Each structure stands twice: as C-alpha cells, then as structure tokens.
Amino acid sequence: MIEPKSSTAARLGAWTGEGTPLVLFIALGLPAGVIGVAWPHMRASLGAPLAGLGLLLAAFTVGYFVASAGSGPVTFRFGTATLLVGGCALASIGSLGLSSAGQWWIVPLVGLVLGAGSGLIDAAVNAHVSLSRGVRYMGWLHASWAVGAALGPPLVVISLAATGSWRASFAALAVAFLAVGLIVGSRRRDWIHTASIQRHAVTTTPVPAEYRRALVVLTCLCFLGGGLEATAGDWSYTQLTVGRSLSAGLASTSASLFWAGLAAGRVALGLLGNRVAPIRLLDAGITVATVAAVAFWLAPTLVSALVALPVLGAAVSLIFPLLLSITPTRVGATMTPHAVGYQLAAGTLGGGGIPALTGLALQAAGLLALGPVLATIAVALLLLHLISRLGRADAG
C-alpha cells in the first residue's frame, strides 16, 4: 500500500518541527568547540597578541549578554520566528567575518556580532521550549548544545587537513547558521504558539508582584549556577595538577569525566525527566551539587578528581535546563520570554565573571582555595533555592 503524499508531508513537517530547535542548538554549540581549537592557528596567521583570545571571548560574551537580555521585548514585538531568523543571520555574518578576517582588529568586532546572534537564538529557543514543551525536551535541547560543542574541534581538524587553514571551519559555521535560519524562515508557523501565548497573557492578565520577585530569584540562581559550572570546568584541571600534584593524565581524565557527566546528566533528563516533577529534580540537582563541591574540597585527591568532580558535573547539568523549565510556572507566560532572556544573560555573566574573580582569588590565596570557592558558590546556590521554595507548594 502506497502512503498518501499528504500523510508523508505531514509526518515530515512534524519531524521538522520537533527537530528544528535541536538542530539550532547543535549549531549554537559549534562556536564553543571551534574557537578554542582554531585560536593558535588564527593567532599565527593574523599576528594577534597573546591575550587576543581573551579579547575575542570578551567581545563574544558582551554581544551574547546584551542580545539575550534584550530578547524579551523583541520577541513580543516581532515574534519568535523573526527573532530566530535575525539571530541566525547575525551568527552567520559573524562566522563569515571570522572566516574572512584579514587583520586582527576585525576579529573582536565580528566576534561581537557572532555573540549577539548566538544570544538571540539561545533566548528565543529556550523561551519557546519553556512555554510549549516539557522538561524532557529541555534536557534534549541542552544535550544538543553539548553535541555541537563536541563537533567543533573535529571540524577545525578537518578544515586544517582539507584546506591547510582554519578559515573553512568558520565558513562551515556560517553555512550551518544560514541553513537553519532558512528552515526557520520557511516554517514560521512552528513558532507561532509562543507568540500567541504571550499576546493572550498580556491582554488578559496583569503581572503580579510575586512574579517579579520570582524573576529576580531565578536570575540570581542562573548567575550562581552558571558560575559554579564554569568555575569547576575552567579551574579544576589546574588545581589538581599544580595545586594537588595529580598527574596530568589523571587530571585530564577527571576533566573529561566532568564534561561527560555534564552531557550525561542532560541526556538522562531527556530520557527520564518526566518521571519526577521538575522542582524535585531541581532540589536533587542543587543538593547533590553542593555535596559534591564540598567533597571536592575536603576529600582525598583521587576521590575529588575521579568521584566528586564528575558527580558535580552531572548535578550542575540539571540546574540550568530545570530553571528554564519551571520559569512559566514561576513568572507566568507574559514574563517568560523576558525572564528567559534575563536568566541567560545572568548565566553568561556568571559563567564569565565568577571564574575570572576566582582566578584573582587563587592568585592571592593559592590554588587550594578553589575547593572553598566552589563550596561557597554551591552553598549560596542551595540557600537561595531553599529561600525561593519557602511557602511554595507547587511541583514546578
């Protein structure tokens, strides 16, 4: 029996609608994996200064922060699909600019554009998923970002092998963002649901003061959660090798296990996230992260490296997706696009600012201070979460 063309087209359309956010996040993760690996080759060919990578990442972060923080009003005015098409266009332009940059001073400028485009995509997709899909999909969404980040380094290696240059890897990023933007533009109806929820909420329901207070709490939780994840990932290898005299091989294994735990936690959320209420999962994630951070500080070196750090990675992997998932129930549909933008901006700020401040602390107090720093961040996160839970009987 031959299946009708209309049925096949409908099924293909459904698959496209389900898969497009995941593909967007794979593309969104690519720059994280490409930039660091491509940098030594970029620096050599462009004559960039030694600290140039920091400037590029700072420009990327500024663009990301500003775009995600301002995404809420833009989403309400123009709709999610328009925001995504614009974000993909900016990211494609920024990637193409990096690919074709002939002088070093151009790199931070186009990095700013790439960051802005990435921030718009991140905020728009997370707001859409928070409003229209469940916690399992949110887990798969953030696992897709990890897939993109993992594909970045091989992309640079292939570029170098095939062309002898790093430039083709950024050209591939430009093509990826352009292709996904065209898919979004051709299927705008897949993203109408988010805008209709917002407009209905705006015309029927005022925003209570408790929603605004919840927004402040959620934003602070994202700031601390992003800071805890980035600080552990950025500084643990150095602390284990230089500060605690662990071999480079074991420390590298520990760092790999941390990132593997991060990816595995989000895959597990995608597979099993509907079996427990999101707020209960968040309770468990923050509690386990706190215990693991304290264990990393106080446990023997091998236990810290091979048990505590991977467990910390798995635990912190749940925090950000779950905070975004419970956002509509905490702040309402009206404020969700604004709230998601602020949360992403706060997570970006925490992920960049807290590790930088930690570096200053470690320079002053020694690398062994990393344990107390991680424990302090985790305890602050736990306390703020517990305060936010007082008097609430919701299941998230």
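The values are calculated or read from the model by the stated rules, or taken from the named source; none is laboratory data. Every value quoted in this text rests on a predicted model; they were computed, and no experiment measured them. Reconstructed Cβ throughout: ideal geometry from the backbone, glycine too, with neighbour counts over all protein chains shown. Side chains included, ligands, DNA and RNA excluded: accessible areas come from the protein's heavy atoms. Shrake-Rupley method; radii C 1.70, N 1.55, O 1.52, S 1.80 Å.
Going by the structure shown, is Gly181 surrounded by 21 or more Cβ atoms within 10 Å (Cβ to Cβ) and at pLDDT below 90?
Working: surrounded by 21 or more Cβ atoms within 10 Å (Cβ to Cβ): yes; at pLDDT below 90: no.
Judged against the criteria, Gly181 is not a match.
Residues that are β-branched (Val, Ile, Thr) and surrounded by 15 or more Cβ atoms within 10 Å (Cβ to Cβ) within the stretch 236-275 comprise Thr238, Thr241, Thr253, Val267, listed in sequence order.
Considering the conditions (1) modelled with pLDDT of 90 or more; (2) farther than 21 Å from Ile183 by Cβ; (3) part of a helix (DSSP H, G or I), Ala150 is excluded by exactly one of them, (1). Scan (1) open to solvent by less than 30 Å² (accessible area, probe 1.4 Å); (2) over 30 Å from Ala67 (Cα atoms) for the single condition Val303 breaks and write down its number. Unmet condition: (1). Residues considered: Leu28, Leu57. Of these, the only one that is in contact with an Asp or Glu (Cβ under 8 Å, 6 or more places away or on another chain) and within 22 Å of Gly233 (Cβ to Cβ) is Leu28.
Let's see how each residue does on (1) touching a helix residue (DSSP H, G or I) at 6+ places or on another chain (Cβ under 8 Å); (2) open to solvent by 30 Å² or more (accessible area, probe 1.4 Å):
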| site | (1), (2) |
| --- | --- |
| Ala116 | yes, no |
| Arg136 | yes, yes |
| Trp145 | yes, yes |
| Pro154 | no, yes |
| Ser159 | yes, no |
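Within the stretch 276-291, the residues that satisfy the criterion of being open to solvent by 30 Å² or more (accessible area, probe 1.4 Å), out of contact with any helix residue (DSSP H, G or I) (no Cβ under 7 Å at 6 or more places or on another chain) and aliphatic (A, V, I, L, M) are Val276, Ala277, Ala284, Val291.
Quick one: which of Thr348, Thr334 is part of a helix (DSSP H, G or I), among the hydroxyl-bearing types (Ser, Thr, Tyr), touching a Gly at 6+ places or on another chain (Cβ under 8 Å) and surrounded by 19 or more Cβ atoms within 10 Å (Cβ to Cβ)? Steps first, please.
On the way: Thr334 fails: touching a Gly at 6+ places or on another chain (Cβ under 8 Å).
After applying the criteria, what remains is Thr348.
Among (1) open to solvent by less than 40 Å² (accessible area, probe 1.4 Å); (2) at pLDDT below 90; (3) more than 18 Å from Cys220 (Cβ to Cβ), where does Gly396 come up short? It fails just one condition, (3). Kindly indicate the residue of the stretch 69-82 that is open to solvent by less than 30 Å² (accessible area, probe 1.4 Å) and farther than 12 Å from Val340 by Cβ and also modelled with the highest pLDDT among those meeting that condition. Residue satisfying both the conditions and the ranking: Ala81. Looking at the structure I just gave you, is Arg275 free of Cβ contacts under 8 Å to residues at least 12 places away in the same chain and among the charged types (D, E, K, R)? Spelling it out, Arg275 is indeed free of Cβ contacts under 8 Å to residues at least 12 places away in the same chain and among the charged types (D, E, K, R).
Would you confirm whether any residue within the stretch 301-321 is among the aliphatic types (A, V, I, L, M) and not in a helix (DSSP H, G or I)? No, the stretch 301-321 contains no residue that is among the aliphatic types (A, V, I, L, M) and not in a helix (DSSP H, G or I). Can you confirm whether the stretch 365-388 contains a residue that is assigned to a helix (DSSP H, G or I), over 26 Å from Ser304 (Cβ atoms) and not aliphatic (A, V, I, L, M)? Yes, the stretch 365-388 contains a residue that is assigned to a helix (DSSP H, G or I), over 26 Å from Ser304 (Cβ atoms) and not aliphatic (A, V, I, L, M). Criterion first (more than 21 Å from the chain's Cα centre (by Cα), at pLDDT below 80 and either among the β-branched types (Val, Ile, Thr) or open to solvent by 10 Å² or more (accessible area, probe 1.4 Å) (or both)) does Arg188 satisfy it? Here the answer is yes, as Arg188 does meet what is asked.
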